[in-house]
1. For segment 40-87, report the convex hull volume of the alpha-carbon atoms normalised per residue, in Å³, without decimals.
2. Diagonalise the Cα gyration tensor of segment 65-207 and give the resulting equivalent ellipsoid semi-axes, square root of 5 times each eigenvalue, largest first, whole Å.
3. Quick check: the distance between the Cα centres of segment 81-147 and segment 9-71, to the nearest angstrom?
4. Where q = 0.14, 0.20, 0.26 Å⁻¹, what log10 of I(q)/I(0) comes from the Debye formula for segment 140-195, counting one point per Cα?
5. Distances over 27 Å make up what percent of all Cα-Cα pairs in the chain?
6. For segment 1-76, what mean projected area does the convex hull of the alpha carbons give, in nm²?
7. How much mean residue ellipticity at 222 nm does the chain get from its helices, if each DSSP H run of length 4 or more adds -39500 (n - 2.57) and you divide by all residues, to the nearest 500 deg cm²/dmol?
8. Taking 0.36 nm per residue of sequence separation and subtracting the Cα-Cα distance, how much length would be gained by fully extending the chain between residue 191 and residue 132, in nm to one decimal?
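All of the numbers you see were taken from the coordinates with simple rules; none came from a lab. Since the structure is predicted, the reported quantities are computational estimates derived from the model, not experimental observations. Cβ: placed from backbone, ideal geometry, glycine included. Neighbour counts: every protein chain shown.
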Amino acid sequence: MTNQTNRAAWLQGPSAECTPKVRKHDPAWRLVLLGAPGVGKGTQAELLHERLGACHLSTGDVFRAAASRTDCMPSPAMAKALAVMRRGALVPDATVWEMVRERVGCLRCGGGFLLDGFPRTLTQAESLTELLEKEKLPLNAAINYELPVAEIVSRLSGRRTCCKCKAVFHVTNHPPKHEGICDHCNSAVFRREDDREESIKVRLEAYQASTRPLIEYYRRQGILVSVPATGSPEEICDRTLVALQLQAEYSAAG
Ligand code: AMP
């Protein structure tokens with residue numbers, strides 16, 4: 001979809017190598033993207049990757065990549081995680097943390113990172129803070145994308161995703177030019193299992209109960225940046241960059 005690397009080390013694990021290799025950036029941006037499912041974090045991560053160079057690291061993408069692998073059986077923990085994911089519930093913290101810790105090289109990478117879908121609970125956020133402090137890799141900001149619930153439900157239930165390049169469409173607001181076919185790579189466009197009504201309800205409840213408290217967690221750390229997620233993806237991205245600039249000036253002023 002973009003000039004993103006194939007993120008092999010993130011999607012397949014540390015024994016895989018990213019091609020092309022991620023370039024070092026100065027400064028390397030290290031951001032956490034917060035917001036309810038369907039708010040557009042994945043789309044923003046792609047756009048921010050183009051503008052800031054940092055790599056888009058989505059934990060949901062790691063689970064989906066594991067689910068689509070046909071060359072090996074998933075481990076028992078991963079098989080359980082995939083069943084949980086299909087229901088729209090949260091994968092246990094221990095499983096998610098093991099997966100992230102295994103990929104710590106992606107957090108150390110000189111290209112920086114955009115964490116999308118992680119952390120999702122206070123336990124995960126505390127583990128991440130501890131790890132990043134130990135590694136001396138401070139976060140620049142936690143960006144919270146804000147959108148009313150009714151709009152979120154409409155976005156999720158109409159969302160369609162390309163099975164290959166992961167481009168995102170919407171049945172009414174942004175349909176592909178040819179029904180069911182991706183505009184970018186001509187692959188099939190499908191409805192994610194967890195974008196069905198029953199799963200959407202479970203995902204939004206999980207967000208309210210477990211992930212919303214992270215807004216306060218990062219506000220207390222002084223790195224929360226709130227961005228309204230209305231308008232076109234480009235408008236939201238521009239708004240994000242302005243907000244990040246203000247946050248950087250605020251931090252520099254001490
Ligand atoms: P996403 O693509 O971020 O919406 O993630 C899809 C699904 O993967 C979620 O509904 C969860 O089942 C699972 N998942 C992804 N990231 C996490 C996480 N950090 N903690 C728990 N479950 C997660």
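1. Value for segment 40-87: 90 Å³ per residue.
2. They are 28, 19, 18 Å, listed largest first.
3. 11
4. Log10 I(q)/I(0), no solvent term: -0.43, -0.73, -0.97.
5. The calculated P(r) of the chain puts 34 percent of pairs beyond 27 Å.
6. 6.3
7. Result for the chain, helices only: -13500 deg cm²/dmol.
8. Values: separation 59, 0.36 × 59 = 21.24 nm, distance 3.52 nm.
Residue separation times 0.36 nm, minus the Cα-Cα distance, leaves 17.7 nm.
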